[in-house]
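Asks: Quick one: the structure is below, and I'll ask about it shortly.
The values are calculated or read from the model by the stated rules, or taken from the named source; none is laboratory data. What you see is a predicted model, and the numbers here were worked out from it, not measured in a lab. Positions of Cβ are generated from backbone atoms using ideal geometry, with glycine treated the same way; all protein chains shown enter the neighbour counts. Calculation scope for accessible area: heavy atoms of the full protein, side chains included, ligands and nucleic acids excluded. Shrake-Rupley method; radii C 1.70, N 1.55, O 1.52, S 1.80 Å.
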Amino acid sequence: SFQHIELKTYLCGVKKKVVVGLSGGGDSSVAAWLLKEQGYEVEGLFMINWHDNRGLLKGNCPFDEDITFAEMVARKLKIKLRTADLSADYRTRVVDYMFSEYERGRTPNPDILCNREIKFDSFVREALNHGADLIATGHYCRTEVIENEGQKITRLLAGVDHNKDQSYFLCQVSQRQLENVIFPVGVLTKPEVRKIAVDLGLATADRKDSQGICFVGKVDLPVFLQQKLKAKTGRVVIIQDTTHFRSWPDGLPEKDAALSDLGLMTAHHEMDQSEGLTVGKHSGAHYFTIGQRKGLNIGGFREPLFVISTDTDSNIVFVGEGQEHAGLYRKGLLVKAQEIHWIRPDKAMNAGECRDYLVRIRYRQPLQRARIFALEAGYYIIFEKPQRGITPGQFAAWYDGEELLGSGVIDR
């Protein structure tokens, strides 16, 4: 009944060994079964990336249950399951990065860092040490190998299920990291994967998709951050006059210029203490992010208050009333030159070029039409329509149709 599933077959007369990252979820469980059905020698590898439970909230698929479910799936599928403790790498390469970004007033995406630094680096090395010919994960995306001027290139494509497409989370991986990696469920929809898991009687069939920080679990973020970032009382300032919120200029200068000349603004660069009214207090500007509503605990307004900017130097949180406040919307963003990453280096833009691409700034956001201007300072991404909640520290990823070409950290 699953003959429509198209997977690469690498058998060539010899059974290839595939190590699957079994996470204790349904997607990786079905990925392992699909590969076994294709005739591969399949082995599971469970990553232990976190031991410290401070700040974790129990319930809703807690982290410490995942290994139990992975073991049940391995027994059901009759495959070997190993464990790998990658917690040292995870702490230094993901968690420490998170702390440093929040301290700077930026909002990082740990799942993207986890993929770049752990799943497609430390995990792959561990799998290769156990004799893997191929590595597989349960991501909803696809790859395609093409040849360009005699060189093999791996294209990273969106998953068939556009409602579940997870290519965005892989926006920082490299050509080297995509070598010998396959994504078995990328050609299926989530309902199809769920049905396979139910039909097989897998223990993970009814588990909800994981939530929270990658391989840590659902976290009370302020409690988690307070492990290293001290609470510091500051003011919440409401901005009601929106006349100073400029739209992006119609054109950009032919040569690089200061950010102010480009009209590339972040809200707190345009504000000072005299431009707003203090309406409350907070425990630390670094605990808040653009577009945030919860945690302000300030009432008395007709519409809810939303964070429109933070200033960690002055420890001020700027807010606006209503989800359509002008401060929540911007027409463009900057990715600094040193933060630009191309999955397809052969497609990289040179200074002075501009191209039209599809761009998203968060997971599951519909792709947005935008024009990328490559200047010496970096890439200026100008959207066809203003975007809500452009957040420094998050990733902007650009696509050509269904192919993910590159990404970069949003600077402002």
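Asks: Determine the sum of side-chain charges near D400: Lys and Arg each +1, Asp and Glu each -1, restricted to other residues whose C-beta is under 11 angstrom from that of D400.
Replies: Working: positive: R155, R344, K347, R355; negative: D356, E402, E403.
Residues near D400 contribute +1 overall.
Asks: Still on this structure: What is the sum of charges, Lys and Arg at +1 and Asp and Glu at -1, for the other residues whose Cβ falls under 14 Å from the Cβ of R116? Don't skip to the answer; put the middle values down first.
Replies: Numbers: positive: R93, K119, R125, R176; negative: D89, D111, E117, D121, E339.
Its environment carries a net charge of -1.
Asks: Pop out the ³J(HN,Hα) list for segment 117-123 in order, Karplus 6.51 cos²θ - 1.76 cosθ + 1.60 with θ = phi - 60°, rounded to Hz; leave Gly and Pro as x.
Replies: Running phi through 6.51 cos²θ - 1.76 cosθ + 1.60 with θ = phi - 60° gives 8, 10, 4, 9, 9, 4, 5 Hz.
Asks: Please list 3J(HN,Hα) in residue order for segment 148-159, calculated via the Karplus relation 6.51 cos²θ - 1.76 cosθ + 1.60 where θ = phi - 60°; whole Hz, with x for glycine and proline.
Replies: 10, 6, x, 10, 6, 10, 9, 8, 9, 10, 5, x
Asks: Another one. Put R371, R194 in order of accessible area, largest first, 1.4 Å probe: what do you get?
Replies: Working: R371 105, R194 80 Å².
Most to least solvent-accessible, the answer reads R371, R194.
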